[in-house]
Amino acid sequence: RAIGVSNATPEQIAEYLRFGPVDTDQEKYSLIDRDLEAAQIPLCREKNIAMLAYSPLANGLLTGKIGPERVFPPTDLRHNNPRFSVENRTRIAERLERIRPIADGHGLTLTQLIIAWTIEQPGVTHALVGARDDVQARENAAAGDVKLTADELAAISEAFKESS
């Protein structure tokens, strides 16, 4: 058996550890959600806590499949979310185009590249990625076989500095 936490602060994890082991920490982490890199991920590494990154594709925003022209119905959680504004989707699309040559060089989709980047981050042990069907599930899983160079990882990170 294992004990896991989700959406916990480093302070909360430290408090939990006073009473026993914490085996896993499940947190929102992606190229555009990187606040965890300052304290959370280093704490997990230090305490040997598995770090499960959820939403590494940012609800589809980082797949390259949601362009600025997309209209979200009122029932979609992205409908009035500022992260999915036309302006932000345009900005994200421009950044994705900057890294497309890396994906192309490996014969990957942008989705696979983003997943590969996520799981190669020091301290991230798992990427929790959704799929709409078995084809997407297989495509996503193939990202686990990708090895990016240090220069590629740095270029991807740099392309998304100060994203939202």
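The values are calculated or read from the model by the stated rules, or taken from the named source; none is laboratory data. Keep in mind it's a predicted model, so treat the numbers as computed, not measured. Don't worry about glycine lacking a Cβ; one is built from the backbone with ideal geometry, like all the others, and counts go over all protein chains shown. Surface areas here come from the heavy atoms of the whole protein model, side chains and all, with no ligands, DNA or RNA. Shrake-Rupley method; radii C 1.70, N 1.55, O 1.52, S 1.80 Å.
Table for the structure above
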quantity: Candidate lysines for bridging to Lys47, where Cα separation is under 20 Å - those fewer than 8 sequence places away on the same chain excluded; calculated: Lys28
quantity: Formal net charge of residues neighbouring Leu57 (Cβ-Cβ distance under 13 Å; K, R +1; D, E -1); calculated: +3
quantity: Distance-filtered residues of region 109-139 - backbone nitrogen under 18 Å, label point 7 angstrom along Lys147 Cα→Cβ; calculated: 113, 116-123
quantity: Hull volume in cubic angstrom per residue (convex hull over the Cα atoms of region 1-51); calculated: 68
quantity: Full-extension gain in nm, His79 to Ala155, via 0.36 nm per residue minus C-alpha separation; calculated: 24.3 nm
quantity: Order of exposure, largest accessible area first, which applies to Tyr29, Tyr54 with probe 1.4 Å; calculated: Tyr54, Tyr29
quantity: Accessible area in square angstrom per residue, the chain, 1.4 angstrom probe; calculated: 56
quantity: Once the Cα gyration tensor of the chain is diagonalised, semi-axes √(5λ) in Å; calculated: 28, 19, 15
quantity: Residue with peak Gaussian network fluctuation, the chain [Cα springs, cutoff 10 Å], from Leu110, Leu57, Leu43; calculated: Leu43
quantity: GNM flexibility winner over the chain from Phe19, Phe72, Phe84 (Cα, springs under 10 Å); calculated: Phe19
quantity: Region 1-85: equivalent-ellipsoid semi-axes (sqrt of 5 x gyration tensor eigenvalues, Cα, Å); calculated: 32, 12, 11
quantity: Residues whose placed amide H lies under 5 Å from that of Lys28, excluding near-sequence neighbours; calculated: Asn7, Tyr54
quantity: Dipole magnitude of region 49-161 about its Cα centre (Cβ charges: Lys, Arg +1; Asp, Glu -1), debye to nearest 20; calculated: 320
quantity: Listed residues Val146, Val129, Val71, most fluctuating in the chain (Gaussian network, C-alpha, under 10 Å); calculated: Val71
quantity: Protein accessible area in the chain, 1.4 Å probe - carbon and sulfur %; calculated: 51
quantity: Set of region 48-66 residues, backbone N closer than 12 Å to the point 7 Å along the Cα-Cβ line of Arg18; calculated: none
quantity: Trypsin sites (Lys or Arg not before Pro) lying in DSSP loop within region 69-151, provided at most 13 other Cβ fall within 10 Å; calculated: Arg70, Arg132, Lys147
